[in-house]
Amino acid sequence: MINISVQNPEDALIDAKVVNASSTVLKRSAQALDTNLLSFTREEYYKNTLSDLQEESSVVRQGKLNFQKLASKAAECFSRTPPASYVLGAFQVGEVACAKKKEQKQRAKQEIERKSQPENVTCNKEEDDIEDSVHYIMNVLTAAYRQNKNKPICFFKLVINPDSFGATVENIFHVSFLVRDGYVNLSWDENRFPVIAPVPRNAIETKYEQQKRQMILGIDMKKWEELKKAFEIREAMIKPRSIDATQESSN
Amino acid sequence: MNMFGMHMRSKTFFWRASTIEEGNEIMASKSAQEGHLSSQEEENLINDTVRYILSHDNTKYAIKRQDIVKDVLKTYGGSSKYIIDGATRVLKEIFGMKLVAVEQNSNVKHYMLINNEKFSTDARYMKWPKEVESQQVLLMLTLSLIFMKGGVESEEDMLSFLSNLGIMSKNRSHEYFGDVWKLLTGEFVRQMYLEHVRIPELDPPKFEFRWGRRAEEEVSRRSLLEFVSLVYGTDPKNWTTQYQEVLQTEKNKREKEM
């Protein structure tokens, strides 16, 4: 018997395949059989579900079905664990915030540094400008003094610029440096007007012996106009620098 | 002091909760080197495992035993069975959750967390996140279809069912459910609610849907049958086959727990 089956292995193989296929088909048919009183079909199920949902949903939402109505019924079917979450969250959140702050601080510092550098440059420039102006005024004053036969010059005639109030104030500012450092001497003339005279060079070296007199002066535009009229100042003794061109105002 | 004496001391000394932490640590590390775990260390490991499982449960993907060993137990991998048993006990008694082992291949164990409590009356007071809500509705519809059809449903039948309900539409995600097909074939399969398997020996290949392992544990067949009966407006007992299945499953579960 065994010999016979071995002699026809191809047949045996085909037989086995046939048996296999037919058993699968039988299995599927058995599964498809229904012994219910009520048979369940997909079509009936979905139709019923649809009609149920449509009844419950409001009149406004007729186009879309409101599946949310089923939510509570669905939740009943599951024994699901609720999601576990921490009240305060992960510890790392704090570190991230700090890192950002540090970066911002560093950036802010860098920006401030960059900003300050140009400022430094202009400051130096300004200081140079002031020094130059002060020197210039000293020269003007010395020349005027010599012209005046070594008599002190009226203070207002020196500083007032009839065309620009701003320039006047600047001139007073520059002269104050000279006064502070003792290069010029302030005093009253016979009419109680302030006069100014440069201090001779040899006296500057012994400036500790000098009496440093200082004057507190207040000036506004009204006073400036009055002084211009009183002293009949038509022309500025101290020529303004080129930058002040924009400050000139007409009378 | 000899080793034996120290070991005995550690066992009796740390039976009560002790506040001398330093002493604990020194003794614990020494006894761990010996190959025994002090009860303090045991407790710590069990608690860590419980916390690990709880936080990994958020996604509902299976928790691999290897991951637990790698991340929590580390050098104490040898006592993993003992620790996981302890964790199961804690989860059941304190949190009311069941840690179920799923064996895919032999020796490859996955775990999933099921709620041990029955939600028959209290369910209406629980508020799930919106995603979970819509997923539960979708699962209820699909699982009930598979159940009523005897446990298997082909891909095409499922597709036509969902599109008739207006849930499935090509290239468009549903307003409430999201990308339905992706959920069915990807997310739910990974969460073990559904199985999407290829029918053997069919060319061109066809697929079918079955209940997944998590669905077996989490989903109550009785509730599904009640929902279907509600929709049809009949009594659950009229569905003889399905009702028999409900009774059988419940009986099996009761026997398992004893």
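A few remarks follow.
- Neighbourhood charge, 15 Å Cβ-Cβ cut-off, centred on A:N150 and excluding it, Lys, Arg +1 and Asp, Glu -1: +3
- Distance between modelled label sites at B:N252 and A:F193, nm, 7 Å Cα→Cβ extension: 12.2 nm
- Heavy atoms of B:D203 accessible to a 1.4 Å probe, total area in Å² rounded to 10: 140 Å²
- Shielding of peptide B:127-137 by partners, expressed as the average count of other chain Cβ atoms within 10 Å per residue Cβ, is 5.
- Between A:Y86 and B:T240, the distance separating the two model label sites (each 7 Å from Cα on the Cα→Cβ line) works out to 5.8 nm.
- Radius 9 Å from Cβ of B:S223, net charge of other residues (Lys, Arg +1; Asp, Glu -1): +1
- Cβ-Cβ FRET estimate between A:D220 and A:K149, R0 fixed at 35 Å, reported to 0.05: 0.55
- Listed residue pairs exceeding 28 Å between alpha carbons, taken from B:K127/B:K251; A:K27/B:K206; A:K17/B:K182; A:K27/B:K64: B:K127/B:K251; A:K17/B:K182; A:K27/B:K64
The values are calculated or read from the model by the stated rules, or taken from the named source; none is laboratory data. Everything quoted here is computed from the prediction, not taken from an experiment. Heads up, the Cβs are rebuilt from the backbone with ideal geometry, glycines too, and the neighbour counts pull from every protein chain shown. In case anyone asks, the SASA skips ligands and DNA or RNA and just uses the protein heavy atoms, side chains included. Shrake-Rupley method; radii C 1.70, N 1.55, O 1.52, S 1.80 Å.
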